[in-house]
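Encoded as structure tokens, the structure appears first; notes follow it.
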Amino acid sequence: MKVLIVDDDALIREGLKILLEIEEDFLVVGTASNGQEAFDMCRKEKPDLVLMDIRMPVMDGVLGTKLIKSHFKDIKVVILTTFKDDEYIKEALKSGAEGYILKNQSADSIIESLRAVNKGNIVLEREVAHALSAMLKEGKKPAPEHLDISQRELGILKLVGEGLSNREIAERLNLSEGTTRNYVTGLLEKLGFRDRTQLAIFYIRNCE
């Protein structure tokens, strides 16, 4: 896996580079200190994955992610930051980031998160997932006209994002648990997702 490391702290860049290059399946193809440099490096090196900080001079990680994803659909971006601010989380996910993890995680946890994203999963650190659920509970009304899903499916989609189980959704909407399970399965199949986290992020990106 070819990785580009983006952080405005040189010590963190070098530390992450050493950490990843110990692993046989990682190749660090470069480092950058802001989102603009990251975009320029992506044009040159074509990494598989960008490990991106949020707060940086010149261009922050959110704008850097948006720029990279708008030009290179196949390059995955994982946010690695100390900040779990709700706006950062929401804007990073809307911009196309496949992961949002915190720097207080262990080295092993960070490495496994990158491997999971490279396999096509979306990775959110636990505190970030909780923040995402809270945001959805306070969420705005969806705008479904551009989506090929029903109002009922949209309602279930939002409740999945809030972290409710099938049983809890069934009770909230006065449905049977089996019917609810069928709706969730249908949404996963229709939208091409693997799990409920991806449904929540889809809601964030498309229904607010």
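Identify all residues within the range 154-196 that are of a type in the set (A, V, I, L, M) and assigned to a helix (DSSP H, G or I); write none if there are none.
Listed by number, the residues that qualify are Leu154, Ile156, Leu157, Leu159, Val160, Ile169, Ala170, Leu173, Val184, Leu187, Leu188, Leu191.
Name, by its number, the condition in (1) under 25 Å from Lys66 (Cβ atoms); (2) modelled with pLDDT of 90 or more that does not hold for Leu173.
Here Leu173 clears every test but (1).
For the range 122-135, state whether one or more residues are in contact with a Cys (Cβ under 7 Å, 6 or more places away or on another chain), loosely packed, with under 15 Cβ neighbours inside 10 Å, of a type outside the set (Lys, Arg) and at pLDDT below 90.
No, because not a single residue in the range 122-135 is in contact with a Cys (Cβ under 7 Å, 6 or more places away or on another chain), loosely packed, with under 15 Cβ neighbours inside 10 Å, of a type outside the set (Lys, Arg) and at pLDDT below 90.
Could you list, ordered by first residue, the pairs with Cβ atoms under 9 Å in which the first is in the range 70-94 and farther than 19 Å from Cys42 by Cα and the second is aromatic (Phe, Trp, Tyr) and part of a helix (DSSP H, G or I), at least 6 apart or interchain?
Thr81/Tyr88
Within the range 8-28, is even one residue out of contact with any Phe, Trp or Tyr (no Cβ under 7 Å at 6 or more places or on another chain) and within 22 Å of Ile201 (Cβ to Cβ)?
The answer is no, given that none of the residues of the range 8-28 is out of contact with any Phe, Trp or Tyr (no Cβ under 7 Å at 6 or more places or on another chain) and within 22 Å of Ile201 (Cβ to Cβ).
Would you mind stating whether Ala116 is outside the structural domain of Arg194 (by TED's automatic domain parsing), surrounded by fewer than 17 Cβ atoms within 10 Å (Cβ to Cβ), of a type outside the set (D, E, K, R) and not in a loop (DSSP other than H, G, I, E, B)?
In short, yes.
The values are calculated or read from the model by the stated rules, or taken from the named source; none is laboratory data. What you are looking at is a predicted structure, and each value in this text was computed from that prediction instead of being measured. Note that each Cβ is placed from the backbone with ideal geometry, even for glycine, and that neighbours are counted across all protein chains shown.
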